[in-house]
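Comments concern the structure below.
No value in this document is a laboratory result; all are computed from the given coordinates. Predicted model, so just to flag it, every value in this text is computed and none were measured. As a convention, Cβ positions derive from the backbone with ideal geometry for all residues, glycine included, and neighbour counts pool all protein chains shown.
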């Protein structure tokens, strides 16, 4: 049994699942008090009856009053650790800043940097706020003392559970709105607007997949080489915070324009939609229009669905903003070009627009160096990954075990530092 006595954990918004409820139970069993703060009706509904022994607090006020509210909670309960899902949400950002100022450890959960078998749990911040080394030399030095990287266990698909919990969350936000009237989601649209695009997309999912499969089958039968560009969600913090683009369309335009002028004339560009896109932006029409304007209509194809792993393996190169698909491509040995900041945009791994030119990538296509790739994955797994997910029974069990181990390891390091 883990011993986390002496630690006090405060939870803000977690994944849209019961993961934080189960994590609170484990923390309490390990001797650590837990405080949960609900910011909206969805949080309240997912927390449910909560956990015996855990304190639950609802924040009903305006965002301008949040800093004083959370600072008082930190002080009153002598909080040592803050747990959040995503560090980009406005209320989370304020809490993280205050926590760091007060010497409170910040732990950030996210979907996995490596999705297949892993989730993210990183101390201090994720993505652009990650504490992972930013130089190849540091990566190689740290990796020398770490065990070889091994792929994660593949768990059953969690999409059904994700949809179920997302519905519960949004129902809570709607039904309990009077209790949290000042809450504003971090997403650009409220759920009613998103449903305007999501419902037709959901109802047409069968025909959309069949149509994409037919188009891809014809596309892949050709011997002409192709580059792969997977789209991200416009609401993704990776686009909003860690790229030079405000809208997804800006990145699409930059890629198509460069491809039309500098890519080999016998090559093609395959652009794929994000599987969780809300359908509000007509990407197919926009890409067709932009390709026509730039004179490369016959060489650019957009599909709504497709097996990312298979497409990455067959592509001549992958171009993206900073998607986790980049790591999938690097593991497959496929050249990668990043249009925004990414944790894997390092010499020997992927090219980055800050020091490289997309115009050159189409023909140069530098492959990831195996030694650097192995070193990076070792460090990534040691500092930022936990096994499992936040939605399925087996995945959650692994994520809970690895989370507790990570927290306990931090305690051990702190004790050693204090003893010395």
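General observations
- Taking the alpha carbon gyration tensor of the stretch 41-200, multiplying each eigenvalue by 5 and rooting it gives semi-axes of 31, 24, 16 Å, largest first.
- Helix 191-203 and the long axis of the chain differ in direction by around 50°, with both axes built from C-alpha atoms.
- Each of 185, 156 was scored by other Cβ atoms within 10 Å of its Cβ. Arranged with the fewest first, they read 156, 185.
- Potential extension, residue 219-residue 71 segment - 0.36 nm per residue separation minus Cα distance: 47.7 nm
- Extension gain, residue 22 back to residue 367 (0.36 nm per residue minus Cα-Cα distance, nm): 120.0 nm
- Length-normalised contact order for the stretch 247-359 - Cα pairs under 8 Å, 6+ apart - percent: 22
- Compared with the dominant principal axis of the Cα atoms in the chain, helix 159-175 is inclined by about 60°.
- Principal-axis analysis of the Cα atoms of the chain puts helix 283-293 at an angle of about 40° to the longest axis.
- Listed from fewest to most Cβ neighbours within 10 Å, the set 101, 394, 236, 402 follows the order 101, 394, 402, 236.
- Each of 272, 265, 162, 78 was scored by other Cβ atoms within 10 Å of its Cβ. Listed from fewest to most, they are 265, 78, 162, 272.
- Take each peptide in 335-345, 296-306, count the other Cβ atoms within 10 Å of every residue, and average; sorted highest first, the result is 335-345, 296-306.
- Contact order normalised by residue count of the chain, Cα under 8 Å, 6+ apart, percent: 19
- Summary of the geometry: the stretch 243-285 and the stretch 126-149, compared by the centres of their Cα atoms, lie 31 Å apart.
- Relative to the compact-globule estimate of 2.2 N^0.38 Å, the Cα radius of gyration of the stretch 159-374 comes out at 1.09.
- A Förster distance of 25 Å, applied to the separation of the beta-carbon atoms of residue 211 and residue 262, puts the FRET efficiency at 0.25.
- Among [x] 1.03; [y] 0.93; [z] 0.98, the entry that matches Cα Rg over 2.2 N^0.38 Å as calculated here: [x]
- Percentage relative contact order, the stretch 159-374, counting C-alpha pairs under 8 Å, at least six apart: 20
- When the helices of the chain are scored as -39500 (n - 2.57) per DSSP H run of n ≥ 4 and the total is divided over every residue, the value at 222 nm lands at -14000 deg cm²/dmol.
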